[in-house]
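Enquirer: I have a structure here, written as structure tokens, and I will follow up with some questions on it.
The values are calculated or read from the model by the stated rules, or taken from the named source; none is laboratory data. A quick note: this is a predicted structure, and the numbers were derived from the prediction, not measured. Every residue, glycine as well, gets a Cβ built from its backbone with ideal geometry; the counts of neighbours run over all protein chains shown. Keep in mind that these areas ignore ligands, DNA and RNA; they rest on the heavy atoms of the full protein, side chains included. Shrake-Rupley method; radii C 1.70, N 1.55, O 1.52, S 1.80 Å.
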Amino acid sequence: MIICANFKANKTRQETQAYMAVVESFVGANDISDTIMVFPPFTALEHLSRNVLIGVQNAYPAKNGAYTGEIALEQLEEFGIKTILIGHSERRHILGETQEVIAEKFRFFSTHGFAIVYCVGEPLEVRQAGTEALMNYIEAQCIGIDLEYKDLILAYEPVWAIGTGLTPSMEDIRELHTALRAKTTAPILYGGSVKVDNAAQIMAIENVDGILVGSAALSANDFCTMIADASQLNTKTGE
Ligand code: PGA
């Protein structure tokens, strides 16, 4: 299982340090073999070797240069960062990233050997338009993306489920993940209103290889509970 926390624009550097201390000691003490990733804000990056992978929520696809307000490869290398989130719905819809820009980021960071958590997911009106519309929409979000890239992790996050407390039914998640499984051998995460009380149930669904959690992962203890749920599932399935 792969369990990820996306902080978005939350937590200071100090709060992130306190959070990491809790999560790292939990992962160490419980001998967790699952992959744990945390995506803090840029200001909280540090150069430390960890039992938890640290990634960035975004970066500009260049080594360095005149890209006001962005950070690029050189700044990530300073912190040993090799993991990035690309295509998150907030980058697509709030920051206006087009599929072209997203595909360019994917090309650049895959060329540089990054592990890429690549997000796809539909708005509510697309979901309501039926399965064909939904699959076409997700297909369009995969244009220019190498779905067989060796360090790809795909994350399915319906836009209408992110930060809303709404989730698709377990059967809808299963169906969508099964359809995605036909397109890639990469691990497939579910994201969108994952909470302590539904994480185990979601991770138990066929073709769900982990979770990408926003607001419910802001509590280190809750995130640890979800990590424990994942390792419990491994024990059951004998992984
Ligand atoms: P949420 O966010 O868990 O707060 O819904 C998930 C995400 O945006 O990755």
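Enquirer: Could you work out the helix-only [θ] at 222 nm for the chain, with each DSSP H run of four or more residues adding -39,500 (n - 2.57) and the total divided by the number of residues, to the nearest 500 deg cm²/dmol?
Expert: -11000 deg cm²/dmol
Enquirer: Ranked highest first by the average count of other Cβ atoms within 10 Å around their residues, in what order do 20-30, 217-227, 130-140, 54-64 fall?
Expert: So the order, starting with the most tightly packed, is 217-227, 54-64, 20-30, 130-140.
Enquirer: Still on this structure, please answer the following. What net charge is computed for the residues neighbouring Ala72, neighbours being all others with C-beta under 12 Å from the C-beta of Ala72, Lys and Arg scored +1, Asp and Glu -1?
Expert: -2
Enquirer: While we're on this one: Grab the other residues whose beta carbon is less than 11 angstrom from that of Val120, score K and R as +1, D and E as -1, and report the net.
Expert: On the way: positive: Arg92, Lys183; negative: Glu122, Glu139, Glu157.
Charge balance in the 11 Å sphere: -1.
Enquirer: Here is a follow-up. Quick one: compute the contact order of the range 117-239, relative version, from alpha carbon pairs under 8 angstrom and 6+ residues apart, as a percent. Mind showing how you got there, number by number?
Expert: Details: 177 pairs, mean separation 27.2, N = 123.
Dividing the mean separation by the residue count of the range 117-239 yields 22 percent.
Enquirer: First check a/c for the chain, with a ≥ b ≥ c the square roots of the eigenvalues of its C-alpha gyration tensor; if it is under 1.5, answer rounded, and if not, answer prolate when a/b is larger than b/c or oblate otherwise. The partial results should precede the final answer.
Expert: On the way: a/c = 1.56, a/b = 1.04, b/c = 1.50.
Oblate shape, in that a/c is at least 1.5 and b/c is the bigger or equal ratio.
Enquirer: Another question, if that's okay. Residue by residue through the range 6-15, which ³J(HN,Hα) values in whole Hz follow from phi under the Karplus form 6.51 cos²θ - 1.76 cosθ + 1.60 (θ = phi - 60°), with glycine and proline marked x?
Expert: 10, 6, 6, 8, 10, 6, 7, 4, 5, 5
Enquirer: Find the accessible area per residue for the chain; the probe is 1.4 Å, ligands and nucleic acids are left out, and the unit is Å².
Expert: That works out to 45 Å² for each residue.
Enquirer: Let me ask you something else. Relative contact order of the chain, please, whole-number percent, based on alpha carbon pairs below 8 angstrom and at least 6 residues apart.
Expert: Values: 416 pairs, mean separation 49.9, N = 239.
Reported as a whole number, the value is 21 percent.
Enquirer: Continuing with this model, one more query. Report the local net charge at Arg91: Lys and Arg +1, Asp and Glu -1, summed over other residues whose C-beta lies under 10 Å from its C-beta.
Expert: Counting the neighbours of Arg91, the net charge comes to 0.
Enquirer: Still on this structure, please answer the following. What whole-number distance in Å separates the alpha-carbon centres of the range 123-175 and the range 51-82?
Expert: Going from one Cα centre to the other spans 26 Å.
Enquirer: Explain nothing, just the number: dipole magnitude of the chain about its Cα centre with +1 on each Lys and Arg Cβ and -1 on each Asp and Glu Cβ, in debye rounded to the nearest 20.
Expert: Dipole about the Cα centre, nearest 20: 280 debye.
Enquirer: Another question about this same structure. I'd like to know which of Ile94, Ala21, Pro158 lies farthest towards the positive end of the charge dipole of the chain, counting +1 on Cβ of Lys and Arg and -1 on Cβ of Asp and Glu.
Expert: In the chain, that residue is Ala21.
Enquirer: If you don't mind, there's one more thing I want to ask. Would you list which lysines come within 24 Å of Lys150, measuring only between C-alpha atoms, while excluding same-chain residues fewer than 8 positions from it?
Expert: Lys63, Lys82, Lys105, Lys183
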